[in-house]
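Structure first, commentary second.
The values are calculated or read from the model by the stated rules, or taken from the named source; none is laboratory data. Because the structure is a prediction, the values reported are computed rather than measured. Here Cβ is always computed from backbone atoms with ideal geometry, including for glycine, and neighbour counts include all displayed protein chains.
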Amino acid sequence: MKKKHHFLILFLLCFVAYSAHSQQATETRLGTLPELSLHRGHTVHILSPEPIQYVDIASHHVSGDLPLENVLRIKLHEDTTQTEHLDFELGTITIVGDNFVAQYRLTAPLWMNDTGIPAMLEIKPEHTRPLEISEIGLSRSQMKNLALGLLTKNAHRPVRSTRDYGVGIALNSISTLGDYIFLDVSFTNTSNLSYNVDELRFFIEDKKITKATNVQTVEIKTLWQYQPLTEFKKRHRNVFVLKKATFPGSKVLRVTLTEKQISGRTVNLKIKYGDILKADTF
């Protein structure tokens, strides 16, 4: 955790420095990029502090893949041939995360001592430039950090709670940031049967429904959630991010949890609009 915070601090410092010199530093030349040397028969893993969103490899002699969302694996092709005269350039590799772009100059030296062959490269703050893409809003890594902060807090007094068939849903807290709503939700199971989740869905609907009324229900899709919700035997806690929506006091936000079995248990939690208006802000 300390290491991650250290990176964020350095990243912000680099952002300030870059912003101050943005009018002068309008282009980047190949010779100024940090060098990454590749060698036949050896794989290099590049570790990113954020999930990798995009990769561009200039040379067809190099292949790469993403075994994990924040790990890029690259390798020089075995059939690559080179002259005996000079080392050769492989162009650039560009890596884009949620909030930064990093570039490296790829080379394939004619000869390299085995002890000098790189195996792993960690992207450093000084090798990155910040991205400002306001249309995207919060990135996944930003949502994750905010959600983690909510999950570290104790949940003693839920805003709303309900229980049916031995299965309970408790809304621990509501937090907002810009156009986003963060719902900290706990699920409990006091029955002897494990709960296999089919779906968790969110709806805006009328607060009071009568038979003579045309029910208007609008589903709100989840933008992001902290962890998968597939099954829980006793307890599960999660954070769900929704796009902020305005609805009148005559309607509620309904959280519906359904079980996979045909005769499965369904639990509904209704959240008042007033609860959202009283939400904390980050």
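Side notes on the structure shown:
- In segment 113-128, the residues that are of a type in the set (S, T, N, Q) and within 26 Å of GLY41 (Cβ to Cβ): ASN113, THR115
- Taking the criterion of being out of contact with any strand residue (DSSP E or B) (no Cβ under 6 Å at 6 or more places or on another chain) and modelled with pLDDT under 85, the residues of segment 100-124 that qualify are LEU110, TRP111, MET112, ASN113, ASP114, THR115, GLY116, ILE117.
- Verdict on GLN227 being outside any strand (DSSP E or B), assigned by TED's automatic domain parsing to the domain that holds ASP184 and modelled with pLDDT under 85: no
- Condition check for ALA155: part of a loop (DSSP other than H, G, I, E, B) and in the same structural domain as VAL255 (by TED's automatic domain parsing): yes
- Among (1) in the same structural domain as GLN53 (by TED's automatic domain parsing); (2) surrounded by 14 or more Cβ atoms within 10 Å (Cβ to Cβ); (3) at pLDDT 90 or above, the one test that PHE88 misses: (3)
- When GLU132 is tested against (1) at pLDDT 95 or above; (2) in a loop (DSSP other than H, G, I, E, B), just one condition goes unmet, and that condition is (1).
- For segment 27-53, the tally of residues that are surrounded by 13 or more Cβ atoms within 10 Å (Cβ to Cβ), part of a loop (DSSP other than H, G, I, E, B) and among the small types (Gly, Ala, Ser) stands at 1.
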